[in-house]
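Just below is one structure, and these are the notes that go with it.
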Amino acid sequence: APLTLFSVCVGPFQVASSLVRKFEHFSPAVLCALGQTAVGLSTSNIENGISDKDLKASIPALGKVRGWNTEQSSTIINKLLSSGYQILDGQSLAKLGSLVTGLNSSTLQSLSPKVILEAIKLPEFVQ
């Protein structure tokens, strides 16, 4: 399995990055199919290769990806919020999954305590 040997030598992030470079546009279907490999998306891929509509539709898949760095998760969250995504309840916060790390402190502080309390009762958020 050359891919296994390759991933041991260069690390999983480098493999993911090389795989996502094959795409110019990232539809929800592509992002879902990439799964954990989506962690290889560059900020340029996120900003230029994913439309606002496709990004919103891909939240469930992207929120399951583990290992986003701060720049990636912040870029995704900022793009979502600037395109009209609203965190109105615990469900909309929990839906972000692993992307929640991209929320800046002022956005977190602007959320009502009710939203946070609702979210921490949801198993998918706690994970």
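The values are calculated or read from the model by the stated rules, or taken from the named source; none is laboratory data. Since the model is a prediction, treat every value here as computed from it, not as a measurement. Because the Cβ atoms are built from the backbone with ideal geometry, glycine has one as well, and the counts that use them run over all protein chains shown. Accessible surface areas use protein heavy atoms only, side chains included; no ligands, DNA or RNA. Shrake-Rupley method; radii C 1.70, N 1.55, O 1.52, S 1.80 Å.
The number of residues in segment 63-104 being over 16 Å from THR43 (Cα atoms), open to solvent by less than 30 Å² (accessible area, probe 1.4 Å) and among the aliphatic types (A, V, I, L, M) comes to 4. Count of segment 101-118 residues, restricted to those that are touching a Ser or Thr at 6+ places or on another chain (Cβ under 9 Å) and more than 13 Å from ILE77 (Cβ to Cβ), is 1. The set of residues from segment 39-62 being over 15 Å from GLU24 (Cβ atoms), open to solvent by 10 Å² or more (accessible area, probe 1.4 Å) and not aliphatic (A, V, I, L, M) comprises THR43, ASP52, LYS53, LYS56, PRO60.
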